[in-house]
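Okay, structure first, notes after.
The values are calculated or read from the model by the stated rules, or taken from the named source; none is laboratory data. As the structure is a prediction and not an experimental result, all values here were calculated from the model. Cβ placement follows ideal geometry from the backbone for every residue including glycine, while neighbour counts extend to all protein chains displayed. Ligands, DNA and RNA are stripped out before the accessible areas are found, and what is left, the full protein with its side chains, is counted by its heavy atoms. Shrake-Rupley method; radii C 1.70, N 1.55, O 1.52, S 1.80 Å.
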Amino acid sequence: MYVDCFDSVKTQIELNGEMGSLQNALFSETYLFNLLLTGYKPCLTPSQCIDSTSIFNITYSNQDIFIKLIKNGFITINLFPGEYSLRNHFVKTLAEGVTNDNSLYEYSIFPFLSNLETSERKKIQTKYLKMLITTIPIFMWMD
C-alpha cells in the first residue's frame, strides 16, 4: 500500500511553513502507526525512506524497531528498477548531482543545497558520497 503522506514535500518547511510541516510530520507518524495496527503493510519508496522528515523522525528514535518491521515484511520498500538498496539509491542521486549540473535532487533533509552555488554544492555532495562509500551503511542488511 503506497501512502503519499510520507513524501518529503509534505514536511518541507519551505513549502508548508514550520507549523504545517510539524503537523504533517506528526500526522504521517501517527498514520504509519495506525496502518500497522490495522494490519496494512505500507510500501515506502526509496525517496520516502531517505528524505522524509516523518520517516527520519521515526527511525531516529526507533531504528531497531523500524528495521525489524521491514525485515519481517510489515513495511516494504519498493526500489526503483536497477537499484538494489536504499544506500544505492542515495549514492546514485548524490552522484547525479555531482556529475550533472542540472541534476540536483532536491533533498528535503538538505534544504540548503539548492541555495548554494553549483561548485560549492558539488563539494558538499562529494563529501557525502565519500562518507557513504567508505563507511558501513545504516541499513547494512539491505546492501
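So the values come out like this:
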| quantity | calculated |
| --- | --- |
| Answer residue from the stretch 1-18, given it is out of contact with any Ser or Thr (no Cβ under 6 Å at 6 or more places or on another chain) and assigned to a helix (DSSP H, G or I) and is nearest to Asn78 (Cα to Cα) among those | Asp4 |
| Search result, residues across the stretch 68-118 that are hydroxyl-bearing (Ser, Thr, Tyr) and part of a helix (DSSP H, G or I) | Thr93, Thr99, Ser114, Thr118 |
| Some residue of the stretch 19-42 being assigned to a loop (DSSP other than H, G, I, E, B) and in contact with a Gly (Cβ under 8 Å, 6 or more places away or on another chain) | yes |
| Residues within the stretch 38-63 that are at pLDDT 90 or above and over 13 Å from Val3 (Cα atoms), tallied | 2 |
| Check on Ile65, more than 19 Å from Tyr128 (Cα to Cα), of a type outside the set (Lys, Arg), open to solvent by 60 Å² or more (accessible area, probe 1.4 Å) and in a helix (DSSP H, G or I) | yes |
| Which listed residue is free of Cβ contacts under 8 Å to residues at least 40 places away in the same chain, in contact with a helix residue (DSSP H, G or I) (Cβ under 8 Å, 6 or more places away or on another chain) and open to solvent by 50 Å² or more (accessible area, probe 1.4 Å), from Asn16, Asn34, Asn72 | Asn16 |
